[in-house]
Amino acid sequence: GEPQKIELKNVSFSYPGTSNPVLKNINLTIEPYQKIALVGYNGAGKTTLTNLLLRLYDVSSGEILIGGKSIKDESLESHRSRFAAVFQDFQLFAATLGENVALSSEIDEPSAVKALENAGFSKKLQNGINTPLLREFDENGIMLSGGEAQKAAIARAFYKHCPYVIMDEPSANLDPIAEYKMYQNLIEATKNKTVIYISHRLSSAVLSDKIIVMENGTVAESGTHTELTAAGGEYAKMFALQASSYKKEAE
C-alpha cells in the first residue's frame, strides 16, 4: 500500500527493568513519502526510536499512529510487513545472493538484480544472483567483503514491496563516497516510500527532506539542512565539525 502519515504522540520509553527513560515525550509527525534523517550523538535515542516504530519494543507511554491508527491495533506480523529494515548488525545467510536479498527462496530475479544495483553492489559473480554465499564447503560458494556484504543487506530494503523503509546506520562499512551514492540511489528508488534513516555521516542527511536531531532522548531540533545550518544550533555544530574532518582527510 501507499505510505500514510506516521505520528508519535508524547512517546516515552524506558527499557524493561530500568527507570531511566531513553526517550522522553517525543512528538513527531512524518509525512508520507518523506525521507527523514535521524541524527545525534550515541545514546541520543535514535535506534530506540526506530525499534519502537518496528514494535521490537512497545512504548512505555504515549502512542504511535500510522494513518491515524495505533500500531498496537494491528497484528505484529501485519504491522512489520509494512516495513523493510536494514540494521548495522545485519546478517547474511548460507543461501544464494538472490535468496539473501529476497529473504525467501522465491525470487523475482529482475527486482533482485535491480535492488543490488541500487545498493551499489558491484562484485562480478560467475553465477550472478544464484551464487551461494558463506558456503565454505561449496566450491562455488563465496565469502563477501564487509562492504559488499553490507550492500547485499541494503539491497533488501530496495527489494521489498512495502511503504516504509528504516535504515539504522546501514553504511558503517562503506566509504563516504559509496555511502553518498547509496543514499542518492535510495532517494531515487524510493520515491513512493517513506524512508527513515539513522546516519553518522551528515553528508547523507543533506539529501533528506527533513533532519531530526535527537539529544538525550528528546527531539532537539528538526528541519531541512539549510534551515538547521542557518539556525546555528546543535546540527550546525555537528556539521561544521564533520566538514572540517573531511577537509583534513582530503588535504
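Please indicate, with yes or no, whether at least one residue in region 208-224 is touching an Asp or Glu at 6+ places or on another chain (Cβ under 6 Å), touching a residue at least 60 places away in the same chain (Cβ under 8 Å) and hydrophobic (A, V, I, L, M, F, W, C).
yes
Of the residues in region 108-140, how many are modelled with pLDDT under 95 and assigned to a loop (DSSP other than H, G, I, E, B)?
Here the count works out to 17.
Among the residues of region 183-204, is there at least one that is open to solvent by 10 Å² or more (accessible area, probe 1.4 Å), assigned to a strand (DSSP E or B) and more than 27 Å from residue 97 (Cβ to Cβ)? Quick ask: steps written out before the conclusion?
At the first step, the residues of region 183-204 found to be open to solvent by 10 Å² or more (accessible area, probe 1.4 Å) are 184-185, 187-189, 191-193, 200-201, 203.
Subset that is assigned to a strand (DSSP E or B): none.
Scanning region 183-204 turns up no residue that is open to solvent by 10 Å² or more (accessible area, probe 1.4 Å), assigned to a strand (DSSP E or B) and more than 27 Å from residue 97 (Cβ to Cβ).
Across region 205-227, which residue is nearest to the chain's Cα centre (by Cα) among those that are outside any loop (DSSP other than H, G, I, E, B) and of a type in the set (A, V, I, L, M, F, W, C)? Show your work before the answer.
Start the filter on region 205-227 by keeping residues that are outside any loop (DSSP other than H, G, I, E, B), which leaves 205, 210-215, 218-223, 225-227.
Next cut, of a type in the set (A, V, I, L, M, F, W, C) only: 205, 211-214, 219-220.
On the way: 205: 12, 211: 14, 212: 14, 213: 15, 214: 16, 219: 18, 220: 20 Å.
Out of the qualifying residues, it is 205.
Residue by residue, here is whether (1) at positive phi; (2) in a strand (DSSP E or B); (3) modelled with pLDDT of 95 or more holds:
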residue	(1), (2), (3)
10	yes, yes, yes
15	no, no, no
19	no, no, no
24	no, yes, yes
27	no, yes, yes
32	no, no, yes
41	no, no, no
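Mind listing whichever residues of region 88-111 are of a type in the set (A, V, I, L, M, F, W, C), touching a strand residue (DSSP E or B) at 6+ places or on another chain (Cβ under 8 Å) and farther than 14 Å from residue 127 by Cβ?
Those that are of a type in the set (A, V, I, L, M, F, W, C), touching a strand residue (DSSP E or B) at 6+ places or on another chain (Cβ under 8 Å) and farther than 14 Å from residue 127 by Cβ: 92, 93, 94.
Take the residues in region 219-233 that are under 22 Å from residue 24 (Cβ atoms) and among the hydrophobic types (A, V, I, L, M, F, W, C); name whichever of them is least open to solvent (accessible area, probe 1.4 Å). Talk me through it step by step, then tell me what you get.
Our first condition is that a residue be under 22 Å from residue 24 (Cβ atoms); within region 219-233, this holds for 219-223, 228, 231, 233.
Filter once more, so that each one left must be among the hydrophobic types (A, V, I, L, M, F, W, C): 219-220, 228, 231.
On the way: 219: 49, 220: 49, 228: 7, 231: 72 Å².
Checking each candidate, the answer is 228.
The values are calculated or read from the model by the stated rules, or taken from the named source; none is laboratory data. Bear in mind that the values here come from a model prediction, so they are computed numbers and not experimental data. Virtual Cβ from ideal backbone geometry, glycine too; neighbours counted across all protein chains shown. We work out accessible area using only protein heavy atoms, side chains counted, and drop any ligands, DNA or RNA first. Shrake-Rupley method; radii C 1.70, N 1.55, O 1.52, S 1.80 Å.
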